[in-house]
Amino acid sequence: MSDKLKQTELDKIKDISYKLKAYNPQELKTSGFSTNKTSLPNYGVNRSKIVSLEEAIKNSGLKSGMTISFHHHFRSGDKTIKLVMEIIDKLKIKDITIASSSFTDAHNFLVDYIKRGVVTGLETSGCRDELGKFVSSGEFKNTMIIRSHGGRARAIESGDLKIDVAFIAASSSDEMGNCNGVIGKSACGSLGYGMVDAQYALKTIIITDHLVDYPNKVISISQSLVDYVVVVDEIGDPNKIVSKEIRLTSAPKEEIIADFISKVIVNTELFKNGFSIQMGTGGASLSAIKALTDNMIAKNIKSSFCLGGITGHQVKWLEDGLTTALFDTQCFDTLAVNSIANNKNHIEISASMYANAHNKSPFVNKLDYVILSALEVDLDFNVNVITGSDGVIRGAQGGHPDTAQGAKITIVALPLIRGRMSCVVDRVTSIVTPGSSVDVIVTDYGIAVNPKRKDIIESLNNKNIKTVSLKEMMDFAYSIVGKPKKIEYDYSKPVAVVEYRDGTIIDIIYKVKEL
């Protein structure tokens with residue numbers, strides 16, 4: 001069991017309606033499966049589902065105290081949550097829990113709704129910017145639940161997360177609700193997160209800015225799951241899908257990290273014809289693609305598939321014949337959006353297919369390599385991607401713990417020093433991914449291999465690739481920037497619980513005393 005989190009601490013949290021169980025790597029939890037739906041709709045013969053947004057919300061039966069969901073495929077360009085919340089506020093519905101697949105800076109406006117009691121619950125994989133700071137300040141009355149992408153799908157399917165009304169932003173839909181994210185002026189690509197919501201929510205409302213003739217030619221979410229269709233002027237800005245976290249780097253420090261990443265991959269035994277990989281979105285991770293590509297061409301090696309959030313870099317692999325298929329839950333740029341619309345081997349999958357530990361075979365379990373980013377790592381290889389060095393919530397789990405556990409080799413890449421802070425520390429601020437599922441840490445100082453992976457150590461030694469310990473990395477960083485000051489938390493106020501992918505609680509985030 002984690003020596004950081006005790007069951008007695010979880011038993012003190014009273015604002016969450018189901019039993020919280022502490023993470024224990026020796027005793028992974030199995031969900032008690034149940035469905036959220038206890039009755040079937042009977043609308044008779046319905047020839048069109050088009051209504052206004054206000055009518056859709058009224059007809060859905062949404063009342064104070066219920067839970068609504070959204071997906072975040074537009075990332076910073078999302079405009080749908082604001083549209084919906086304005087109507088909910090107008091209808092004087094309060095005490096709403098929002099279960100979004102993630103929150104970005106586009107959702108800072110929610111702070112005002114929280115202060116006025118319209119929103120009282122938040123469940124998500126990530127939270128950033130002003131909303132994250134607000135939650136960390138302790139002003140949010142209840143405790144936010146943070147889940148991975150696979151963990152969120154598991155929670156929805158098992159009934160841990162019961163969605164009363166799902167709102168799906170679709171770039172095209174017909175009048176019956178057959179919809180997708182690949183056609184129309186606001187194409188965002190895969191609707192991988194919304195697929196699960198639509199399947200299990202009591203009511204599903206499609207919101208689109210591009211109504212097409214029946215039947216829609218591409219069906220990501222079927223009319224059989226849809227209650228109402230709403231047509232609006234604009235659901236989101238696709239140009240803001242690419243965020244500052246997703247970019248190719250030219251920074252020398254990250255180029256060094258990228259070089260180390262590629263050295264690890266090309267010098268381990270799994271790097272052979274048919275290997276599979278998820279590449280992450282950090283600058284160094286994406287830059288490693290250049291070196292990997294050169295090696296693949298030189299050795300005539302082709303990948304079987306790339307997984308997860310897809311960028312134009314993986315699209316180029318597909319179009320150049322360097323990979324056979326892309327399995328996509330979330331398009332990370334417009335190149336990927338265009339590709340999923342046009343390449344038959346660029347395949348949309350749901351978040352449950354991607355990473356739900358409690359379905360019969362998530363795609364993450366077929367990964368050879370995954371490259372992940374981090375805010376901090378510690379001497380036990382534990383990883384933090386949620387809280388900054390000041391303790392404030394400013395990140396997202398995404399598929400981090402899902403892919404880390406599923407992949408045969410998990411590589412976590414980060415700079416040794418960010419700003420004036422060491423990113424390798426003796427104990428991470430918050431644990432999101434346990435060190436037991438992390439194999440290699442790469443910084444600009446060198447490569448550290450988890451001692452339990454003697455096979456990787458042997459492979460690198462055989463190629464005369466030098467490795468260092470995490471303690472060496474940390475001591476070097478501390479010699480330059482010093483040991484970070486301990487963050488002062490108010491341990492009487494938990495602001496968020498961090499769920500591991502099986503639904504157990506791997507960490508608690510507390511109110512930061514001074515913001």
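The values are calculated or read from the model by the stated rules, or taken from the named source; none is laboratory data. These numbers come from a predicted model, not from an experiment. Neighbour counts run over all protein chains shown; Cβ positions are idealised from the backbone, glycine included. All accessible areas refer to the heavy atoms of the entire protein, side chains included, with ligands and DNA or RNA removed. Shrake-Rupley method; radii C 1.70, N 1.55, O 1.52, S 1.80 Å.
Worth pointing out:
- Pairs exceeding a 21 Å alpha-carbon distance, out of 6/493; 29/486; 82/217; 21/485: 29/486; 82/217; 21/485.
- For segment 62-126 versus segment 309-372, the inter-centroid distance based on Cα atoms is 28 Å.
- Prolate/oblate/rounded call for segment 31-114, Cα gyration tensor, a/c under 1.5 rounded: prolate
- Under 15 Å from a label point set 7 Å out along the Cα-to-Cβ vector of residue 218, the amide N atoms of segment 171-186 belong to 171-174, 178-186.
- Zero-based 10 Å bins, Cα pair distances in the chain, whole percents: 4, 20, 30, 27, 14, 4, 1, 0
- Gyration tensor verdict on segment 419-473 (Cα atoms; rounded if a/c is under 1.5, prolate if a/b is larger than b/c, oblate otherwise): oblate
- Computed FRET value (nearest 0.05) for residue 290 with residue 34, which takes r as the C-beta separation and R₀ as 56 Å: 0.75
- DSSP beta bridge pairing in segment 53-240, given as percent antiparallel to the nearest 5: 15 percent
- Derived scalar couplings ³J(HN,Hα) [segment 406-413; Karplus, 6.51 cos²θ - 1.76 cosθ + 1.60; whole Hz; x for Gly, Pro]: x, 6, 6, 10, 9, 10, 10, 10
- Distance (nanometres) between label positions extended 7 Å along Cα→Cβ at residue 92 and residue 12: 4.0 nm
- For residue 501, nonlocal amide neighbours, meaning residues 5 or more places apart or on other chains whose placed amide H falls under 5 Å from its own, do not occur.
- Between residue 304 and residue 185, the contour length at 0.36 nm per residue exceeds the Cα-Cα span by 39.6 nm.
- 13 Å beta-carbon shell around residue 48, net charge (K/R +1, D/E -1): -3
- The Cα-based radius of gyration of segment 111-180, divided by its Kirkwood radius, gives an Rg/Rh of 1.05.
- More than 27 angstrom apart: percent of Cα pairs within segment 252-487: 31 percent
- Helices that extend 20 Å or more along their long axis by alpha-carbon positions and average at least -0.5 on the Kyte-Doolittle scale are, among the DSSP H runs of the chain, 252-266, 283-299.
- Spin-label model, residue 347/residue 466: points 7 Å from Cα along the beta carbon direction are separated by 4.4 nm.
- The Cβ shell under 12 Å around residue 226 holds other residues with a net charge of -2, Lys and Arg each +1, Asp and Glu each -1.
- Within the accessible area of the chain, the carbon and sulfur atoms contribute 50%, probe 1.4 Å, all protein chains present.
- Range of Cα positions in segment 276-415 per principal axis (Å), largest first: 43, 35, 28
- Tensor-based shape of segment 376-515 (alpha-carbon gyration tensor, a/c under 1.5 rounded, otherwise prolate or oblate): oblate
- Per residue accessible area of segment 40-173, 1.4 Å probe, in Å²: 34 Å²
- Bridge type composition, the chain - antiparallel percent by DSSP, nearest 5: 30 percent
- Kirkwood Rh in Å, taken over segment 53-240 so that all alpha-carbon pairs contribute: 16.3 Å
- Summed side-chain charge close to residue 84 - residues other than residue 84 whose Cβ falls under 12 Å, Lys, Arg +1, Asp, Glu -1: -1
- Label-to-label distance, nm, for residues given as residue 334 and residue 232 (7 Å Cα→Cβ offset): 2.2 nm
- Accessible area per residue in Å² at 1.4 Å probe, computed on segment 252-487: 38 Å²
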